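Trainee: Could you have a look at this structure, given as structure tokens, before my questions?
The values are calculated or read from the model by the stated rules, or taken from the named source; none is laboratory data. Everything numeric here is computed off the predicted structure, so don't read it as measured data. Positions of Cβ are backbone-derived with ideal geometry, glycine not excepted, and every protein chain shown enters the neighbour counts.
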Amino acid sequence: MGHSHLRARALPLVVGGYVTAAVLSLLISSHYLRRSPAWGDLCLWVGLGVALCLYLASEKGLGRGRLWQVLWLCLGLLALLNVFAQLVPVQRYGDAKFIARYVVQDTTMARWLAGTAILSWMHDAILRIPGVEEAAPAAKVTAAYLIRVTGILVMVLGTVALFQRWPERLSITLPALCPIWLLFSLGYLEYYPFIAVALVAALAWIFDRPLADRDPYRIGTLAGALFPLLYVAYAPVSLLILLFYGVARPSKVLRAIATALVVAMIGIVIFWPEGIGSFITALRGSLNLGEHGTAFKPYRGHAAGPDSVLFAWSYALSPQHLRHLGFMGHFGAGTVMLLMFLAGAVLLLWRYRGDMVKLLGYKRSWLGLALIGSHLYYMLRMIPKLGPVRDIDLFFNVYLVIAFFTGLFLERALDSDDDRRELVTLVVLAIALGSLAVAGGQLAFHGIRPG
């Protein structure tokens, strides 16, 4: 920072932003948990230490990207140590009880196609090494270790790669400061750690340049890989990318669509040898349509129909469900992140207040609105079969999309003045860290079941 008055203001603003966000997150957590959160001093001191390191790096003119890479590698090493030494238990949500069983039984889940197939192959290959099967504990325990260790490596190395490619981008940093991202990086026993980085990388790549500048074959490969190969809930992202690419380059869109279909079909043939017809049947069966699989009693009887995965509108907009959404949003993304999302949107509109036609003329502006709207709709109506606590990870894609666009809005809205931009960026990061220290610590280490 070149201006002395901005340097003088930076440190108190960074510390003040961090403390304010931490206190606000603590109050909101207490409200939702109906008890005092079991947050520890360590999480708060670590978060504050990171915020101060960011400030010092800025003062010395050092890049934040390298600092984030070092921090995430350290986190990964600690997480790997914790998996094997079992020093601190990491909370489990979602399908933690089932994913190891799928891997042991060599069962490929259609909605998690590529990931579960590859994990099953890896597990089988490990057990075929002479002496391993005799020396290893039960197969399910071995599978759980494989999933947790591989998940850590994917999350940590993927995060490092993101910061290597986009070192100073808020749209990359803020998703990494979501509580759900922290949970996924600690050896979380689930499928989602294997695909979270891919979502943020895809968004960053798409919004890095105008759609019209993109090669149709790369667009098609991305769309076909996200859905159906990685995750069925990535379907809106794939379809919207193809749709808006067609608007930007109508003469090339058929090539993109054909490429997406070829990639998807080749992937299905590789990961689902029974064939495409069998895969489609299995995919439909894995969606838990209607009331099937609804373990959380208050959600029973509220499906939109026997063949729907959505809530009926009457329940989707009910006070109980909206409270549950607030609960999941707080511990998954952070209420402070949601507030920054709104602030970023307002600042962006203010920045373009005299030239709104220019903002709306960008194809990527409409793509962004469509992605945000589709994910909010998904969270509003999708039935989390296990309830708002156990299924909090179901909406990880929504949390990450909101955090990504929070960063993107702020990047586009911030003044071009280097000192002022740097000051605002530091404060935003400090605020995100304050939220993460409280909500992330509670989610990952202490649990979020209301008292």
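Trainee: What number of residues in region 291-313 are assigned to a loop (DSSP other than H, G, I, E, B), of a type in the set (A, V, I, L, M) and more than 25 Å from the chain's Cα centre (by Cα)? So that I can check it myself, show each step before the final result.
Mentor: Step one: list which residues in region 291-313 are assigned to a loop (DSSP other than H, G, I, E, B), which gives 291-296, 300-302, 304-309, 312.
Okay, now just the ones that are also of a type in the set (A, V, I, L, M), so 295, 304, 309, 312.
Right, trim to more than 25 Å from the chain's Cα centre (by Cα) and you get 304, 312.
Of the residues in region 291-313, 2 are assigned to a loop (DSSP other than H, G, I, E, B), of a type in the set (A, V, I, L, M) and more than 25 Å from the chain's Cα centre (by Cα).
Trainee: From L360, L400, L423, L394, grab the single residue that is touching a residue at least 60 places away in the same chain (Cβ under 8 Å), aliphatic (A, V, I, L, M) and either surrounded by fewer than 23 Cβ atoms within 10 Å (Cβ to Cβ) or within 24 Å of L27 (Cβ to Cβ) (or both). Steps first, please.
Mentor: Details: L360 fails: touching a residue at least 60 places away in the same chain (Cβ under 8 Å); L400 fails: either surrounded by fewer than 23 Cβ atoms within 10 Å (Cβ to Cβ) or within 24 Å of L27 (Cβ to Cβ) (or both); L394 fails: either surrounded by fewer than 23 Cβ atoms within 10 Å (Cβ to Cβ) or within 24 Å of L27 (Cβ to Cβ) (or both).
Checking each option against the conditions leaves just L423.
Let's see how each residue does on (1) in contact (Cβ under 8 Å) with a residue 24 or more places away in the chain; (2) in a helix (DSSP H, G or I); (3) exposed (fewer than 13 other Cβ atoms within 10 Å of the Cβ); (4) of a type outside the set (F, W, Y):
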| residue | (1), (2), (3), (4) |
| --- | --- |
| Y18 | yes, yes, no, no |
| W45 | no, yes, yes, no |
| S58 | yes, yes, no, yes |
| R66 | yes, yes, no, yes |
| L71 | no, yes, no, yes |
| L77 | no, yes, yes, yes |
| Y93 | yes, no, no, no |
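Trainee: Could you pull out the residue among V103, V154 that is within 26 Å of L400 (Cα to Cα) and either in a loop (DSSP other than H, G, I, E, B) or among the β-branched types (V, I, T) (or both)? Explain how you work it out, then say what you get.
Mentor: On the way: V103 fails: within 26 Å of L400 (Cα to Cα).
Sole residue among the options that is within 26 Å of L400 (Cα to Cα) and either in a loop (DSSP other than H, G, I, E, B) or among the β-branched types (V, I, T) (or both): V154.
Trainee: Which number in (1) in the same structural domain as H31 (by TED's automatic domain parsing); (2) out of contact with any Pro (no Cβ under 8 Å at 6 or more places or on another chain); (3) of a type outside the set (G, A, S); (4) surrounded by 14 or more Cβ atoms within 10 Å (Cβ to Cβ) marks the one condition that R323 misses?
Mentor: Of the numbered conditions (1) in the same structural domain as H31 (by TED's automatic domain parsing); (2) out of contact with any Pro (no Cβ under 8 Å at 6 or more places or on another chain); (3) of a type outside the set (G, A, S); (4) surrounded by 14 or more Cβ atoms within 10 Å (Cβ to Cβ), the odd one out for R323 is (4).
Trainee: Related question: Would you check which residues across region 106-129 are of a type in the set (D, E, K, R) and assigned to a helix (DSSP H, G or I) and list them? Spell out how you get there, then give the answer.
Mentor: Step one: filter region 106-129 for residues of a type in the set (D, E, K, R), giving 106, 111, 124, 128.
Result: R111, D124, R128.
Trainee: Next up: I need a count of the residues in region 366-382 that are under 20 Å from H330 (Cβ atoms), in contact with a Phe, Trp or Tyr (Cβ under 7 Å, 6 or more places away or on another chain) and buried (at least 18 other Cβ atoms within 10 Å of the Cβ).
Mentor: Selection size over region 366-382: 2.
Trainee: Something else: Which condition breaks for A202 when tested against (1) in a loop (DSSP other than H, G, I, E, B); (2) farther than 30 Å from S29 by Cα; (3) assigned by TED's automatic domain parsing to the domain that holds L376?
Mentor: Going through (1) in a loop (DSSP other than H, G, I, E, B); (2) farther than 30 Å from S29 by Cα; (3) assigned by TED's automatic domain parsing to the domain that holds L376 one by one, A202 breaks only (1).
Trainee: Can you go through F244, F296 and tell me which one is on the phi < 0 side of the Ramachandran plot and assigned by TED's automatic domain parsing to the domain that holds Y377? Lay out the reasoning, then the answer.
Mentor: On the way: F244 fails: assigned by TED's automatic domain parsing to the domain that holds Y377.
Answer to the selection: F296.
Trainee: Further question: Quick test of your reading of the structure: Y93 fulfils all but one of (1) under 26 Å from F296 (Cβ atoms); (2) of a type in the set (S, T, Y); (3) over 22 Å from the mean Cα position of the chain (by Cα). Name the failing condition by number.
Mentor: (3) is the only condition that Y93 fails.
The rows are residues; the columns are (1) under 14 Å from the mean Cα position of the chain (by Cα); (2) of a type outside the set (A, V, I, L, M).
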site	(1), (2)
L119	no, no
Y145	no, yes
G151	yes, yes
G158	yes, yes
S185	yes, yes
V197	yes, no
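Trainee: I need the full set of residues from region 363-385 which are of a type in the set (F, W, Y) and either touching a Ser or Thr at 6+ places or on another chain (Cβ under 6 Å) or in contact (Cβ under 8 Å) with a residue 40 or more places away in the chain (or both), in order please.
Mentor: W366, Y378
Trainee: Right, something else. Being surrounded by 12 or more Cβ atoms within 10 Å (Cβ to Cβ) and among the small types (G, A, S) is the filter; apply it to region 274-292 and report the residue that is farthest from W112 (Cα to Cα). Steps first, answer last, please.
Mentor: If we filter region 274-292 for residues that are surrounded by 12 or more Cβ atoms within 10 Å (Cβ to Cβ), which is where we start, we get 274, 276, 278-292.
Adding the requirement that they be among the small types (G, A, S) leaves 278, 282, 285-286, 290.
Values: S278: 15, A282: 11, G285: 13, S286: 10, G290: 20 Å.
The qualifying residue farthest from W112 (Cα to Cα) is G290.
Trainee: Among residues belonging to region 139-189 that are closer than 22 Å to V424 by Cβ and either of a type in the set (S, T, Y) or outside the structural domain of Q69 (by TED's automatic domain parsing) (or both), point out the one that is surrounded by the fewest Cβ atoms within 10 Å (Cβ to Cβ).
Mentor: In this case the residue turns out to be S171.
Trainee: Okay, next question. With the checklist (1) free of Cβ contacts under 8 Å to residues at least 12 places away in the same chain; (2) under 30 Å from G407 (Cα atoms); (3) in contact with a helix residue (DSSP H, G or I) (Cβ under 9 Å, 6 or more places away or on another chain) in hand, flag the one item G301 doesn't pass.
Mentor: It fails just one condition, (2).
Trainee: Filter the helices (runs of 4 or more DSSP H) completely within region 343-433 down to those with at least 2 residues that are out of contact with any helix residue (DSSP H, G or I) (no Cβ under 8 Å at 6 or more places or on another chain) and either modelled with pLDDT under 95 or not assigned by TED's automatic domain parsing to the domain that holds L310 (or both).
Mentor: Numbers: elements: 356-361, 363-381, 387-390, 396-413.
Passing ranges, in order: 356-361.
Trainee: Ok, one more. When only residues in region 209-236 that are modelled with pLDDT of 95 or more and in a loop (DSSP other than H, G, I, E, B) count, which is surrounded by the most Cβ atoms within 10 Å (Cβ to Cβ)?
Mentor: Checked region 209-236; the qualifying residue surrounded by the most Cβ atoms within 10 Å (Cβ to Cβ) is Y231.
Trainee: Hey, can you tell me all the residues within region 434-451 that are part of a helix (DSSP H, G or I) and surrounded by fewer than 20 Cβ atoms within 10 Å (Cβ to Cβ)?
Mentor: Kept after step one, since they are part of a helix (DSSP H, G or I), are these residues of region 434-451: 434-446.
Correct list: F445, H446.
Trainee: Continuing with the same structure: Take F244 and decide whether it is modelled with pLDDT under 95, of a type in the set (F, W, Y) and in a helix (DSSP H, G or I). Outline the logic, then answer.
Mentor: Values: modelled with pLDDT under 95: no; of a type in the set (F, W, Y): yes; in a helix (DSSP H, G or I): yes.
Here the answer is no, as F244 does not meet what is asked.
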